[in-house]
1. Whose amide H sits under 5 Å from the amide H of LEU193, counting only residues 5 or more places off or on another chain, with H placed in the peptide plane?
2. Mind listing the phi-derived Karplus ³J(HN,Hα) values for region 50-56, rounded to whole Hz, using 6.51, -1.76 and 1.60 with θ = phi - 60°, and x for any glycine or proline?
3. Counting other C-beta atoms within 10 Å, which of VAL179, VAL88 has the fewest, and how do the rest follow?
4. What percent does the relative contact order of the chain come to when contacts are Cα pairs within less than 8 Å and at least six residues apart?
5. In whole Hz, with x marking every Gly and Pro, tabulate ³J(HN,Hα) for region 109-117 from phi via Karplus 6.51 cos²θ - 1.76 cosθ + 1.60, θ = phi - 60°.
6. What FRET efficiency would be calculated for the residue pair GLU218, THR137, taking the C-beta separation as r and a Förster radius of 35 Å, to the nearest 0.05?
7. Given points 7 Å out from each Cα along the Cα-Cβ axis, report the VAL63 to GLU31 separation in nanometres with one decimal.
8. As an exercise, find the ratio Rg/Rh for region 95-164 from alpha-carbon atoms, using the Kirkwood inverse-distance average for Rh.
Amino acid sequence: MSERTFDPIGFFPRTAKLLRPHFGTIAAGTELWRVHQSKYAPDQFNDRLSDIHFDGGRFEGTVLDPYHYLYLAGSPVTAMAESLLRSVPYGGRGDRREIPYTAAHGRSLSCLRVRHDLNLVTLRTGADLAAVRQEATMLEDERNYAVSRRWSSEIRAQAPDAQGLLWDSRRNRGEDVMVLYRDRVEHCAGGPLEVVAEQSIADLGSWEGLKRANELLEPLWAEISVPVGR
């Protein structure tokens, strides 16, 4: 194996495998989307650390690599699908997928414009995954989240220029989803992201918010239920 040329970060790398990640660019000016609790700022990174082995999301920081993270999607409908369509079956009104109102209440759909080109490790294809010595199960199987968190840190250690990861949405195929690492983007002048308030939905639980959200979800045969009395 060739000599390592990367800088380690804390506990990582912990593998003898030499990763050769493929990169993709999210160009400055691109508009990205996220669904988040309204009490948080649209561009606020999550500082909650996940357990090393158990509960937590796919690419979140841990005590061994305590980075802050921000999940984003390439379109508003993908952001909602990733956040609101987990384990929601067909069979609602008109055989649609009916999202409980409580899942949308107190949440916002925010649009964020990229201020500077972002350099992300891409995990879209089989070749992309092979380049980091992984298979599609890292992205498809929620039982592998602990492995995904570990491998995110391995990639970070061996690719110090990586500002995040980019992959294909499970819930809206053909659309991009990504995670940004705050420690890799926080030095961007003015911050990495600019809030586009006029395209955002500040309150998904409001009457206007529900109407706009359900128009976006229509192609996915999904809708947020309207509470009685609305």
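Quick note: the coordinates plus some simple rules give every number you see, no bench work behind them. All of these numbers come straight from a predicted model, not from anything done at the bench. Glycine also receives a Cβ, built like all others from the backbone with ideal geometry; neighbour counts cover every protein chain displayed.
1. So LEU193 has HN proximity to ARG115.
2. Karplus values, whole Hz, x for Gly and Pro: 8, 5, 5, 10, 10, 5, x.
3. VAL88, VAL179
4. Relative contact order for the chain comes out at 31 percent.
5. In residue order, the calculated couplings are 10, 10, 9, 10, 9, 6, 7, 9, 3 Hz.
6. Efficiency at R0 = 35 Å is approximately 0.65.
7. 4.3 nm
8. 1.09
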